[in-house]
Structures are given as structure tokens and as C-alpha cells.
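See structure below.
The values are calculated or read from the model by the stated rules, or taken from the named source; none is laboratory data. Everything numeric in this text was worked out from a predicted model, so none of it was measured. Here Cβ is always computed from backbone atoms with ideal geometry, including for glycine, and neighbour counts include all displayed protein chains.
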Amino acid sequence: MKIDAVLFDKDGTLFDFHATWGAWTKGLILKEAGADADMQDRLAEALGFDLATGAFRPDSTVIAGSAGELADLLLPILADDDRDALLARMNALAAAAPQVEVTPLVPFLLHLAAADLAIGVATNDAEAPARAHLRGAGCEDMFDFIAGYDSGHGVKPGPGPLLAFATSVGVLPQNCAMVGDSLHDLHAARAAGFVSIGVLTGMATRADLAPAADIVLESIADLPVWLET
């Protein structure tokens with residue numbers, strides 16, 4: 001199989017999931033609930049998050065859901081009908097969330113570019129904070145394509161962002177790979193006709209990902225060697 005383009009998920013794939021979204025989720029809950037302990041607990045339950053331990057439940061919507069999906073979970077608890085205002089607060093917190101690179105991204109991406117691979121990011125995060133995270137890592141301009149849930153291509157597990165990437169870089173879907181840490185990523189890959197590559201740097205286990213993946217790697221750091229085999 002010839003792969004000419006690689007599309008990455010962001011959180012749990014390029015960046016450590018817990019370091020980013022554990023801090024963001026706790027900060028969001030405390031900001032929205034204030035000192036109201038009951039509301040804190042209700043928001044944490046809706047988000048599948050344990051405030052005491054900072055751990056997510058495996059079924060947490062935060063793991064692979066979009067900001068819009070999270071807002072829809074929180075609005076009834078907040079008794080707030082201003083979805084846009086809530087999303088703006090969520091995205092502002094997301095843009096400032098700490099980022100821990102799974103592997104040093106600049107040399108990793110330079111290696112892929114040297115192999116003449118087109119590269120992109122498709123995340124269910126919003127595009128603006130996604131760009132802020134990549135900019136903070138010094139690699140925003142290294143990607144040929146960056147899309148969030150609000151970029152107009154739909155959301156994973158739908159194939160829209162993946163097909164938009166393939167069109168943008170001029171590569172047939174069968175010659176593209178999607179790399180991600182969740183079943184949303186891998187199901188999107190199958191729906192788009194991409195090679196599906198799972199990585200174990202998110203919440204999912206090898207057993208979770210293997211049925212939907214062409215290959216499961218420990219992390220993106222293993223991708224260059226796999227591509228060369």
C-alpha cells in the first residue's frame with residue numbers, strides 16, 4: 001500500500017490526552033459551577049470525569065466528542081440557553097490548556113515532510129484552539145490542512161474532514177492514512193476509505209482499537225518506521 005498523505009487526530013495522538021483535557025475539564029467545571037458543590041458534581045457526572053482523581057470514565061464524551069456535544073450536555077445543568085456564549089468560554093479555556101507532546105513534534109513532522117508526505121490535523125476540538133495548540137508547539141505552519149468540528153466539514157466518526165483533507169492535498173483516499181487514538185478516528189478512516197492507524201496514547205486499549213484498525217502502534221513515534229516497511 002502506498003501512503004502519500006497522513007491525517008492526524010490531535011488530542012491523545014499528537015498531544016497527551018490527560019495532560020491537556022484533565023486540566024481543561026476540571027477548570028471548566030470549577031469556572032461554570034463556582035463554589036456550588038452540587039453543580040460541580042452534576043457537571044462532572046455529565047462529562048464522565050472524577051474531580052477527586054482527575055480521571056475520565058471510558059465512556060466520557062470529552063474523549064472523542066466535539067465542543068458542541070459537550071455544550072449540549074452542560075446547558076441543561078447550567079440552566080443556560082446561550083449555547084454560543086458557553087462555547088466561547090469553553091474554547092477560550094481550551095486554547096489555554098497545557099500541551100504535552102507525545103513525541104517532539106517539529107523533528108517528527110520534518111521527517112514526514114522529507115518523505116514527501118502531505119500532513120494534516122482533523123480534530124473534534126474547535127479549529128481556533130487547535131491552531132493555538134499547534135502554534136504553541138511551533139508546528140502550525142507545518143501542516144497542509146487543519147480542521148476542527150466547526151470548520152465546515154462535519155465531525156468524526158463521519159468521513160467529511162478526512163475527505164476534505166484528501167481533496168485539499170490532491171491525494172486519493174486509498175493513499176491516505178488517518179492516525180488516531182479513538183474509535184471515532186478509525187471509524188472515520190474506514191468510512192472515508194483511508195488506511196486506519198490506531199495509537200495507544202489516549203484512553204483506548206489495543207483491544208478496543210484493533211478491530212477497527214489496519215495497524216495499532218504504541219504512538220506516533222513509531223509511524224515513520226512503519227511507513228518505511
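Of all residues being among the aliphatic types (A, V, I, L, M) and part of a helix (DSSP H, G or I) in segment 132-145, which is surrounded by the fewest Cβ atoms within 10 Å (Cβ to Cβ)? Just the residue, please.
That would be MET142.
Going through segment 109-131 one residue at a time, which ones are within 20 Å of ALA19 (Cα to Cα), among the hydrophobic types (A, V, I, L, M, F, W, C) and either at pLDDT 95 or above or surrounded by 19 or more Cβ atoms within 10 Å (Cβ to Cβ) (or both)?
VAL121, ALA122, ALA126, ALA130
Conditions (1) touching a residue at least 24 places away in the same chain (Cβ under 8 Å); (2) farther than 29 Å from LEU87 by Cβ; (3) in contact with a strand residue (DSSP E or B) (Cβ under 6 Å, 6 or more places away or on another chain); (4) outside the structural domain of PRO129 (by TED's automatic domain parsing), marked per residue:
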{"position": "LYS156", "(1), (2), (3), (4)": "yes, no, no, no"}
{"position": "GLY160", "(1), (2), (3), (4)": "no, no, no, no"}
{"position": "PHE165", "(1), (2), (3), (4)": "yes, no, yes, no"}
{"position": "PRO173", "(1), (2), (3), (4)": "no, yes, no, no"}
{"position": "LEU183", "(1), (2), (3), (4)": "yes, no, no, no"}
{"position": "VAL199", "(1), (2), (3), (4)": "yes, no, yes, no"}
{"position": "LEU209", "(1), (2), (3), (4)": "yes, yes, yes, no"}
{"position": "ILE215", "(1), (2), (3), (4)": "no, yes, yes, no"}
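Looking at LEU30, LEU7, which one is in contact with a Cys (Cβ under 7 Å, 6 or more places away or on another chain) and either assigned by TED's automatic domain parsing to the domain that holds LEU86 or surrounded by 14 or more Cβ atoms within 10 Å (Cβ to Cβ) (or both)?
Of the residues listed, the single one that is in contact with a Cys (Cβ under 7 Å, 6 or more places away or on another chain) and either assigned by TED's automatic domain parsing to the domain that holds LEU86 or surrounded by 14 or more Cβ atoms within 10 Å (Cβ to Cβ) (or both) is LEU7.
So which residues in segment 1-37 are among the acidic types (Asp, Glu) and either touching a Lys or Arg at 6+ places or on another chain (Cβ under 9 Å) or assigned to a loop (DSSP other than H, G, I, E, B) (or both), if there are any at all?
Scanning segment 1-37 gives ASP4, ASP9, ASP16, GLU32, ASP36.
For segment 13-38, name all the residues that are in contact (Cβ under 8 Å) with a residue 60 or more places away in the chain, over 15 Å from PHE49 (Cβ atoms) and out of contact with any strand residue (DSSP E or B) (no Cβ under 7 Å at 6 or more places or on another chain).
ASP16
Considering only segment 146-159, I want to know if a residue exists there that is closer than 22 Å to VAL199 by Cα, assigned to a loop (DSSP other than H, G, I, E, B) and of a type in the set (S, T, N, Q).
Kept after step one, since they are closer than 22 Å to VAL199 by Cα, are these residues of segment 146-159: 146-149, 155-159.
From what is left, the residues that are assigned to a loop (DSSP other than H, G, I, E, B) are 148-149, 155-159.
Cutting the leftovers down to of a type in the set (S, T, N, Q) gives us none.
No: zero hits.
Counting only residues that are surrounded by fewer than 20 Cβ atoms within 10 Å (Cβ to Cβ) and not aliphatic (A, V, I, L, M), which one in segment 185-207 is nearest to GLY65 (Cα to Cα)?
HIS187
Is it fair to say ALA64 is at negative phi, over 17 Å from the mean Cα position of the chain (by Cα) and not assigned by TED's automatic domain parsing to the domain that holds ASP181? Reasoning before the result, please.
Working: at negative phi: yes; over 17 Å from the mean Cα position of the chain (by Cα): no; not assigned by TED's automatic domain parsing to the domain that holds ASP181: yes.
Judged against the criteria, ALA64 is not a match.
Take the residues in segment 81-97 that are part of a helix (DSSP H, G or I) and among the charged types (D, E, K, R); name whichever of them is surrounded by the fewest Cβ atoms within 10 Å (Cβ to Cβ).
ASP84
Please determine whether any residue of segment 185-200 is within 17 Å of ASP16 (Cα to Cα), assigned to a loop (DSSP other than H, G, I, E, B), touching a helix residue (DSSP H, G or I) at 6+ places or on another chain (Cβ under 7 Å) and not basic (Lys, Arg).
Taking every residue of segment 185-200 in turn, at least one turns out to be within 17 Å of ASP16 (Cα to Cα), assigned to a loop (DSSP other than H, G, I, E, B), touching a helix residue (DSSP H, G or I) at 6+ places or on another chain (Cβ under 7 Å) and not basic (Lys, Arg).
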